[in-house]
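Below: one structure, written as structure tokens.
The values are calculated or read from the model by the stated rules, or taken from the named source; none is laboratory data. None of these values were measured; they are calculated from a predicted model. Cβ atoms come from the backbone with ideal geometry, glycine included; neighbour counts cover every protein chain shown. With ligands, DNA and RNA removed, areas are computed over all heavy atoms of the protein, side chains included. Shrake-Rupley method; radii C 1.70, N 1.55, O 1.52, S 1.80 Å.
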Amino acid sequence: MTAKIEFEGKQYELPVVLGSENEYGIDISSLRGTSGGLITLDRGFKNTGSCESAITFLDGEKGILRYRGYSIEELADNASFLEVAYLLIFGELPTETELEKFHSDIKKESLVDEEMKKILDGFPRSAHPMGVVSSLTSALVAFNPTTVDVRSEEAMYKSIVKLLAKFPVLCAWAMRKNTGQPLDYGDTSLGYVDNILKMMFKKANEEYKVNPVVSSALNKLLILHADHEQNCSTSTVRIVGSSHAGLFVSISAGVSALWGPLHGGANQAVIEMLEAIKEDGGDTKKYMAKAKDKEDPFRLMGFGHRVYKNFDPRARIIKKSADEVLTDLGIEDPVLGIAKGLEKEALEDQYFVDRKLYPNVDFYSGIIYRALGIPTEMFTVMFALGRLPGWISQWKEMRQQKEPIGRPRQIYTGANHRAFVPLNER
Ligand code: SDX
């Protein structure tokens with residue numbers, strides 16, 4: 001199959017790639033060479049594929065999300081987060097033996113060098129946890145130098161396991177710094193998710209008992225955030241890794257990209273927005289009007305998506321889980337009512353309907369995080385904890401496919417050539 005481009009009386013024929021879910025992509029790799037310089041331009045890459053990938057499939061029109069062919073609904077209801085991490089990274093659901101070995105290898109690496117604490121100590125307590133996590137993830141390289149050059153499968157596996165083991169420690173440390181608590185080292189007798197909860201919440205003067213409702217809710221949330229094909233932060237991880245920079249620093253760059261309020265930072269922005277509406281007497285109509293006013297930079301945070309032009313399937317699951325968790329924990333959170341009211345209004349509002357703006361993964365997640373006792377500034381760190389296996393799987397795929405270094409072109413719009421003017425003549 002081919003596609004033809006005609007320009008200035010000449011025709012250029014380009015191959016068309018067909019994916020396993022019948023998606024077509026015009027492969028423009030040869031365009032510039034065969035046309036003597038023609039390139040394409042696509043701000044924000046809204047119509048441009050960066051790679052062929054076998055990891056995650058999503059259909060924005062139908063609201064479908066699958067990891068390695070398994071539906072997000074089935075995985076969220078039946079799998080453990082570590083199973084899903086294994087599935088994303090290695091391509092198949094693990095057998096019991098494979099899962100046990102994977103977890104055991106992770107546990108062996110779950111201590112972080114004590115010297116790392118000196119870097120953590122350098123941050124003010126007010127530092128945003130996302131900045132702390134991004135920095136500490138990069139700093140990990142200094143203590144694990146063999147993780148950088150991972151040409152062999154074995155070296156890549158070791159690097160992956162180290163990161164899966166140490167990243168949650170850094171995330172928990174960021175929270176304990178933020179909340180003024182002594183650091184915790186975790187407990188290798190616990191499951192992966194329960195260990196995260198223990199590192200985050202164990203009080204120095206009490207035994208920590210895992211609440212099964214909290215554990216199940218976090219397991220589900222981490223699975224729902226685990227991967228999402230070529231989103232902003234994953235594309236960042238891929239392009240940084242394409243220079244053959246190490247896995248840890250590629251992930252550190254992904255954490256930074258995720259921090260933005262248009263991306264993963266939206267989950268924190270949603271709760272701040274809902275709180276503002278609550279303080280403002282619950283006047284959702286005022287905020288809907290602000291969201292539609294082109295003169296007003298305010299956006300309805302947690303709404304809209306580059307790909308989903310239908311309900312984000314993750315938002316559906318999280319909304320249902322929010323009701324269950326708050327009921328199970330006996331928590332009344334008024335912002336849940338405000339969120340549901342806002343959703344109802346938006347789904348009946350022509351502006352939102354015309355632009356196909358639906359709640360996305362970030363709209364309800366913060367309500368659950370808050371019910372679990374997680375500070376608002378830690379919400380995006382929780383997103384990063386979930387997305388870690390997805391970032392790793394995409395980075396591994398990019399390296400194993402031997403992708404070239406990412407280096408987009410541009411159309412220059414600046415000054416044409418002009419002669420230098422000496423300072424005393426300007
Ligand atoms: C995530 O890509 C991924 O997969 C990301 C993610 C993942 O799992 O990795 O799903 C996670 O990042 C979810 C998105 C979280 N961000 C937010 O909730 C922030 C609020 N949403 C928006 O800023 C926006 O919807 C984006 C950034 C999510 C998508 O932006 P696009 O695709 O670039 O769309 P756009 O900004 O061009 O908007 C199209 C129109 C514009 O109006 P017009 O110029 O056509 O009149 O829709 C309007 C926008 O003004 N619009 C909104 C809106 N989102 C889009 N108007 C009000 N409120 C909003 N939230």
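Assess whether SER243 counts as being more than 10 Å from the ligand (Cβ to nearest atom) and under 16 Å from the mean Cα position of the chain (by Cα).
Details: more than 10 Å from the ligand (Cβ to nearest atom): yes; under 16 Å from the mean Cα position of the chain (by Cα): no.
Judged against the criteria, SER243 is not a match.
For the range 152-270, please list each of the helices (runs of 4 or more DSSP H) lying entirely inside it that holds at least 2 residues being over 23 Å from ILE106 (Cβ atoms). Break it down into steps so the answer makes sense when it comes.
Numbers: elements: 153-178, 192-201, 212-224, 232-241, 247-259.
By residue number, 153-178, 232-241, 247-259.
Starting from residues that are away from the ligand (no atom under 16 Å from the Cβ) and among the acidic types (Asp, Glu), keep the ones in the range 190-237 and report whichever is surrounded by the most Cβ atoms within 10 Å (Cβ to Cβ). Show your work before the answer.
Step one: list which residues in the range 190-237 are away from the ligand (no atom under 16 Å from the Cβ), which gives 190-219.
Subsequent filtering for residues that are among the acidic types (Asp, Glu) retains 194, 206-207.
Values: ASP194: 20, GLU206: 8, GLU207: 6.
Looking at residues that are away from the ligand (no atom under 16 Å from the Cβ) and among the acidic types (Asp, Glu), I get ASP194.
Pull up the range 296-308, narrow it to residues that are more than 19 Å from the chain's Cα centre (by Cα) and surrounded by fewer than 22 Cβ atoms within 10 Å (Cβ to Cβ), then point me to the one that is nearest to the ligand (Cβ to nearest atom). Reasoning before the result, please.
In the first step, residues of the range 296-308 are kept if they are more than 19 Å from the chain's Cα centre (by Cα); the result is 296-300.
Now drop any that are not surrounded by fewer than 22 Cβ atoms within 10 Å (Cβ to Cβ), which leaves 296-299.
Values: ASP296: 10, PRO297: 10, PHE298: 8, ARG299: 4 Å.
Once the filter is applied, the top-ranked residue is ARG299.
So if I check each of ASP283, ASP293, which one is acidic (Asp, Glu) and either in contact with a Lys or Arg (Cβ under 8 Å, 6 or more places away or on another chain) or away from the ligand (no atom under 13 Å from the Cβ) (or both)? Show your work before the answer.
Details: ASP293 fails: either in contact with a Lys or Arg (Cβ under 8 Å, 6 or more places away or on another chain) or away from the ligand (no atom under 13 Å from the Cβ) (or both).
Only one candidate qualifies: ASP283.
List the number of the failed condition for VAL335; all other conditions in (1) open to solvent by less than 60 Å² (accessible area, probe 1.4 Å); (2) within 12 Å of the ligand (Cβ to nearest atom); (3) closer than 23 Å to LYS290 by Cα hold.
VAL335 satisfies all of (1) open to solvent by less than 60 Å² (accessible area, probe 1.4 Å); (2) within 12 Å of the ligand (Cβ to nearest atom); (3) closer than 23 Å to LYS290 by Cα except (2).
With a cut-off of at least 2 residues that are open to solvent by 80 Å² or more (accessible area, probe 1.4 Å), at pLDDT 95 or above and closer than 27 Å to PRO404 by Cα, name the strands (runs of 3 or more DSSP E) lying wholly within the range 1-95. Give the steps one after another, and end with the answer.
Numbers: elements: 2-7, 10-18, 24-26, 56-59, 64-67.
The qualifying strands (runs of 3 or more DSSP E) are 10-18, 24-26.
Filter the range 366-414 down to residues that are basic (Lys, Arg) and part of a helix (DSSP H, G or I), then give me how many there are.
Residues flagged as basic (Lys, Arg) and part of a helix (DSSP H, G or I) within the range 366-414 amount to 4.
Right, ASP293: over 26 Å from ASN178 (Cβ atoms) and touching a Pro at 6+ places or on another chain (Cβ under 7 Å) or not?
So ASP293 does not fit the description; no.
Scanning the range 345-365 for residues that are more than 26 Å from GLU324 (Cα to Cα) and either in a loop (DSSP other than H, G, I, E, B) or within 22 Å of the chain's Cα centre (by Cα) (or both), which turns out nearest to the ligand (Cβ to nearest atom)?
Our first condition is that a residue be more than 26 Å from GLU324 (Cα to Cα); within the range 345-365, this holds for 349-356.
Narrowing further to those that are either in a loop (DSSP other than H, G, I, E, B) or within 22 Å of the chain's Cα centre (by Cα) (or both): 349, 355-356.
On the way: ASP349: 10, ARG355: 4, LYS356: 8 Å.
Among them, the one singled out is ARG355.
Which condition does LEU183 not pass, out of (1) more than 16 Å from the ligand (Cβ to nearest atom); (2) touching a Lys or Arg at 6+ places or on another chain (Cβ under 9 Å); (3) open to solvent by less than 20 Å² (accessible area, probe 1.4 Å), if it passes all the others?
Of the numbered conditions (1) more than 16 Å from the ligand (Cβ to nearest atom); (2) touching a Lys or Arg at 6+ places or on another chain (Cβ under 9 Å); (3) open to solvent by less than 20 Å² (accessible area, probe 1.4 Å), the odd one out for LEU183 is (3).
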